[in-house]
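Encoded as structure tokens, the structure appears first; notes follow it.
The values are calculated or read from the model by the stated rules, or taken from the named source; none is laboratory data. Remember, it's a predicted structure, so these values are computed and weren't measured experimentally. Please note: Cβ atoms are built from the backbone with ideal geometry, for glycine as well, and neighbour counts cover all protein chains shown.
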Amino acid sequence: MRLHCELYNAGLQERIEAFRKAGISINYYDQQNALPDIKAFRPEFAPLGSHALQQTLRRLDLAMQAFFRRAKAGESPGFPRFKSAARFSGFSYPDPAGWKLFQHGRRGATLRLGSGKDAMMMRARGRHRFAEFQLNDVTISRRNGQWFASVTLRVADEACAREREGNQQRGVDFGVTDWATFEDGTRIENPRFLRDELPKLAALQRQRECKKKGSCRYRRLTKQIGRLHKCIANLRRDFLHKQTTRLVDTCAVIATEELKPKNMSRSAKGSAETPGKRVRQKAGLNREILSASFGMAHQMLAYKAVEAGTRLHLVNTRQLKPSQRCCACWELTPKTLAERTHVCQHCGHTMPRDQNSAAVVLIDAYTIPEKDTTGTVVAARRKPLARQRARPRSKTRETPTTIAQAI
Ligand SMILES: [Zn+2]
């Protein structure tokens, strides 16, 4: 890690000085071609493996490119920094050369970095579920004083497949009060890991404010805060993995809104001329929106759905407006965020708000051709007819009308 960090900083310095003193722009290939000379002069770099060293230089190149791209686009990016060993996040082997993974049954694995007498053997926790695989790459990183190895394997598509237990068709509405609400009214409570730990977090941060910056005590508290954050993140990720796996395992069709947490959690602060209203309240809501981590949930749902052969239908929220549309008559009833019950202005249909929108997205999943599940067009949708709605309940859930009836 220390040597990789040194290489990164040296590469950055070379680029800066070459430009300052001679007006030359040094690119990635110039630096890559200098690697053999570096290894001849500093033999301790040799056992790290040439591909891993190249990857570190490539990272530097990416940082520079990102800086110039953003500067060109009129943003105000920070220039790539020299990194201390503590700030340096890690390094990687971009291909199967220079490392190896040995798995011991169910007990864990050993990772070997380098080869010959310079090799480093490391015990690692965790295991994979594949009988046949090829190693692809490995990234070594350090966070909060702990080391992590992230290994990518190349496996056949069939090996990734998940066995599905059920063939349900569910509409889901993700929210802050209840993490998920289904079209039949069942819900999954939001565990609110962050909110439970907030007093503890605030206490630690308050304590740290009383300490001299950079002192032993300051650093000790920083470490404790980092550990608490990591603990919350672990709880959250565990919860999300369990819930999304269960959803995908039991459903053949999952319909939900395409959420944009970044837009939803935009600050209400406004500008100096037009200050926003209820900024503190919105900040609290934003914290909860981000803590419920819908973005992560959607990513997990997306890849797990592919593995299980589940159809994930993502509704375009702007076009469909599931929280305002009535699942019985498909008309819009405007509501504020505080109104938790849907009472239709047109047909009088009454239902909890989240359940109604879950039902709407499920109906939407069946109103467009199966091929195109990325977006929806409201104008092209058939409206259920009044006559059809009055028919007796049906068990088959195939057309929009029958779903609306069943609900
Ligand atoms: Zn209605």
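Quick notes on this structure:
- Among (1) surrounded by fewer than 17 Cβ atoms within 10 Å (Cβ to Cβ); (2) within 16 Å of the ligand (Cβ to nearest atom); (3) at pLDDT below 85 - the single one Thr350 does not satisfy: (3)
- Selected residue (only one of Gln319, Gln355 is more than 20 Å from the chain's Cα centre (by Cα), more than 16 Å from the ligand (Cβ to nearest atom) and assigned to a helix (DSSP H, G or I)): Gln319
- Exactly one residue among Phe102, Phe79, Phe91 is at pLDDT 85 or above, within 29 Å of Thr222 (Cβ to Cβ) and either polar (S, T, N, Q) or outside any loop (DSSP other than H, G, I, E, B) (or both), and that residue is Phe91.
- Leading residue by the ranking (nearest to the ligand (Cβ to nearest atom)) among those in region 335-345 that are in contact with a strand residue (DSSP E or B) (Cβ under 9 Å, 6 or more places away or on another chain) and part of a loop (DSSP other than H, G, I, E, B): Cys344
- Residue that is modelled with the lowest pLDDT [pool: residues in region 11-49 that are among the aliphatic types (A, V, I, L, M), buried (at least 16 other Cβ atoms within 10 Å of the Cβ) and more than 23 Å from Asp118 (Cα to Cα)]: Ile26
- Restricting region 322-334 to residues that are assigned to a loop (DSSP other than H, G, I, E, B) and without any contact (Cβ under 8 Å) to a residue 12 or more places away in the chain, the residue that is nearest to the ligand (Cβ to nearest atom) is Gln324.
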